[in-house]
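Okay, so here's the structure we're looking at.
The values are calculated or read from the model by the stated rules, or taken from the named source; none is laboratory data. Remember, predicted model here, so these are calculated numbers, not experimental data. Neighbour counts run over all protein chains shown; Cβ positions are idealised from the backbone, glycine included. All accessible areas refer to the heavy atoms of the entire protein, side chains included, with ligands and DNA or RNA removed. Shrake-Rupley method; radii C 1.70, N 1.55, O 1.52, S 1.80 Å.
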Amino acid sequence: MSKLYIVPTPIGNLEDMTFRAIRVLKEADLILAEDTRTSGKLLKHFEISTPSQSHHMHNEHKTVEGLIHKLKGGTTIALISDAGTPAISDPGFLLTRACVEHGIEVDCLPGATAFVPALVNSGLPNDKFVFEGFLPVKKGRQTRLLVLAEETRTIIFYESPHKLIKTLTHFCEYFGENRPVSVSRELTKLYEETVRGTAKEVLEHYTNKPPKGEIVIVVGGKLK
């Protein structure tokens, strides 16, 4: 029986790839990639020639059983996502859970993930926080926002640029216009930016300056 490695990859800056991550990817028998075309550029850059196959949200339910069989047969597998740490709003949980259930060792390497620098950059309390990932698009969204309106810990969200205005508008409605908000985008990249202020101020900023790139929103908790 072999091992599953969970390997974080850079969220933008290739210099954030660790020496250990490169070694593990080179030594593995198989790399599972969210998008082999995207990961192919990364693997080529670091001269990693390990065979790879796709493992994404649309096929992971179907492939888990076969991958467990490979691992039990002695195949060492490394799992990566397009960027950041797998299983954090990306594929990886189902395979990890299956490995644990079958007694297969799982080794998650430390490395890049977007919400940690966004949280630290925000200037908001980070001794206690809750990671929400992406809000529901339609069903359950209002219910979730009503619950989170009472949350006293700092709250972290992921969001796409074309939905940011809608989400900030909802924050104004459900959390209040004066709730502190920090929006970080394009972390580790050339045009990295963090905009801080009240929910209303940050909404006005991005209404006048439409955002681009990957986005992390950090919201202050409700004051006790």
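Neighbours of T152 by Cβ distance under 10 Å: Lys/Arg scored +1, Asp/Glu scored -1, total +2.
Looking at region 29-153, the accessible area is 56 square angstrom per residue; that uses a 1.4 Å probe and ignores ligands, DNA and RNA.
Coupling constants for region 57-63 follow from the phi torsions by the Karplus curve (6.51 cos²θ - 1.76 cosθ + 1.60, θ = phi - 60°), and in residue order they are 4, 8, 10, 5, 5, 7, 9 Hz; glycine and proline get x. Which of P180, P110, P86 ends up with the largest GNM mean-square fluctuation for the chain, with Cα atoms connected below 10 Å? Greatest mean-square fluctuation among the candidates belongs to P110. When the P(r) of the chain is calculated, the portion above 25 Å amounts to 46% of the C-alpha pairs. The solvent-accessible area of I80, taken with every protein chain present and a 1.4 Å probe, is close to 0 Å². Projecting label points 7 angstrom from Cα along Cα→Cβ for V116 and N13 puts them 1.4 nm apart. Taking 7 Å steps out from each Cα toward its Cβ at F93 and Y191 produces label points 3.2 nm apart.
Pairwise alpha-carbon distances in region 1-78 exceed 17 Å for 44% of all pairs. With 31 Å as the limit on Cα-Cα distance, the pairs of K138/K212; K72/K163; K200/K224; K128/K163 that go past it are K72/K163. In a GNM of the chain with a 10 Å cut-off on Cα contacts, which of K26, K200, K62 has the highest mean-square fluctuation? Of K26, K200, K62, the Gaussian network model singles out K62 as fluctuating most. Here the Karplus relation 6.51 cos²θ - 1.76 cosθ + 1.60, evaluated at θ = phi - 60°, turns the backbone of region 14-28 into coupling constants of 5, 5, 7, 6, 8, 4, 5, 4, 4, 4, 4, 5, 6, 8, 5 Hz, with x for every Gly and Pro. Report the residues of region 95-121 in range of a label on T50: point 7 Å along Cα→C-beta, backbone N strictly under 13 Å from it. Answer for region 95-121: 107-109. With R₀ set to 41 Å, the beta-carbon distance separating K166 from K72 gives a calculated FRET efficiency near 0.35. Other residues whose C-beta falls under 12 angstrom from the C-beta of G74 contribute a net charge of +2, scoring Lys and Arg +1 and Asp and Glu -1.
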